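**Q** Sharing a structure here in structure tokens format.
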Amino acid sequence: MFLADVIGTVVAPIQIPELNGGKLLLLRPVTPDGRRTGKTRVALDRAGAGVGDRVLVVDEGNSARGILGNPKAAVKTVIVGVVDYVEADTRLYDHRTPRKHGNPA
Amino acid sequence: MYLARVTGRLVATQRYTGLDGVALQWIQPLDEDGKSMGDQMVACAAISSGPGDLVMFVDGREAAMACPVTFVPVDAAIVGFVEQAISKGVPIGRGAAGVS
């Protein structure tokens, strides 16, 4: 799993059925102190996340299929949590910031 | 999944049997600013997309699962036509073909 900032939204009217019209959010993988790391991704939201949140993201097929309850789903990147804070390297990173864009999750 | 721009098509009539009837397209992965991210690659189009389109693709084993014939040797598959992608409040590219 990795940590990421939700930086945007994606609308894909034509999609494979397994995505089932779920909310798609644009992610910037980050380190606890907010530095960008890894590739920009699109994830299926399963934690009620919105733009401006820092989230926990599963990036592996079997786990994603378990979450979706669909053994044939061609999905692997799923948001599974909205992070309150992170304790890492003896430091505390508090992410409970108010939502910047007031996205009605 | 990743955002990408479909930049072309690829035809390989002589190919592995599992790839029959699978549309192969050139895609350029895009980052949060809509700029090129990494190299272009060939993906199997699990949905109807064409050159110029903004799409989403998945890589790895999931790509084989997205194609009509599951477990075909494919490591990238287009799984969504993106009509709109907003990044940091700014739309990335345009979904429609030809509009950059």
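The values are calculated or read from the model by the stated rules, or taken from the named source; none is laboratory data. Bear in mind that the values here come from a model prediction, so they are computed numbers and not experimental data. Heads up, the Cβs are rebuilt from the backbone with ideal geometry, glycines too, and the neighbour counts pull from every protein chain shown. Each accessible area value is taken on the protein alone, full model and side chains, heavy atoms only, with ligands, DNA and RNA left out. Shrake-Rupley method; radii C 1.70, N 1.55, O 1.52, S 1.80 Å.
**Q** Being within 15 Å of B:Tyr2 (Cα to Cα), open to solvent by less than 30 Å² (accessible area, probe 1.4 Å) and facing another protein chain (nearest Cβ under 10 Å), is that true of even one residue in the stretch A:79-94?
**A** No, the stretch A:79-94 has no match at all.
**Q** Please indicate, with yes or no, whether at least one residue in the stretch B:50-70 is over 27 Å from A:Arg36 (Cβ atoms), part of a loop (DSSP other than H, G, I, E, B) and within 8 Å of chain A (Cβ to nearest Cβ).
**A** Within the stretch B:50-70 (the criterion being over 27 Å from A:Arg36 (Cβ atoms), part of a loop (DSSP other than H, G, I, E, B) and within 8 Å of chain A (Cβ to nearest Cβ)), the answer is yes, since at least one residue qualifies.
**Q** Quick one: what pairs do we get from the stretch A:7-20, first residue assigned to a strand (DSSP E or B), second open to solvent by less than 40 Å² (accessible area, probe 1.4 Å) and among the aromatic types (Phe, Trp, Tyr), C-beta under 6 Å, 6+ apart or different chains?
**A** Pairs that qualify, where the first residue is assigned to a strand (DSSP E or B) and the partner is open to solvent by less than 40 Å² (accessible area, probe 1.4 Å) and among the aromatic types (Phe, Trp, Tyr), are A:Ile14/B:Phe81.
**Q** From the residues in the stretch B:1-30 that are open to solvent by less than 20 Å² (accessible area, probe 1.4 Å) and part of a loop (DSSP other than H, G, I, E, B), which one is nearest to the other protein chains (Cβ to nearest Cβ)?
**A** B:Met1
**Q** Residues being aliphatic (A, V, I, L, M), more than 7 Å from chain A (Cβ to nearest Cβ) and either open to solvent by 10 Å² or more (accessible area, probe 1.4 Å) or farther than 14 Å from B:Val22 by Cβ (or both): count how many of those fall in the stretch B:71-94. Even if it seems obvious, please write down each step before you answer.
**A** Here is the first cut: in the stretch B:71-94, the residues aliphatic (A, V, I, L, M) are B:72, B:74, B:76-79, B:82, B:85-86, B:90, B:92.
Checking the rest, the ones that are also more than 7 Å from chain A (Cβ to nearest Cβ) come to B:72, B:74, B:76, B:78, B:90, B:92.
Filter once more, keeping what is either open to solvent by 10 Å² or more (accessible area, probe 1.4 Å) or farther than 14 Å from B:Val22 by Cβ (or both): B:74, B:90, B:92.
Here the count works out to 3.
**Q** Now, a different point. Restricting the search to the stretch A:1-40, which residues are open to solvent by less than 60 Å² (accessible area, probe 1.4 Å), more than 7 Å from chain B (Cβ to nearest Cβ), among the aliphatic types (A, V, I, L, M) and closer than 20 Å to A:Tyr85 by Cβ?
**A** Passing the criteria: A:Leu3, A:Ala4, A:Val6, A:Leu27, A:Val30.
**Q** Taking the conditions exactly as written (over 16 Å from the mean Cα position of the chain (by Cα), among the small types (Gly, Ala, Ser) and surrounded by 16 or more Cβ atoms within 10 Å (Cβ to Cβ)), does B:Ser49 satisfy them or not?
**A** Spelling it out, it is not the case that B:Ser49 is over 16 Å from the mean Cα position of the chain (by Cα), among the small types (Gly, Ala, Ser) and surrounded by 16 or more Cβ atoms within 10 Å (Cβ to Cβ).
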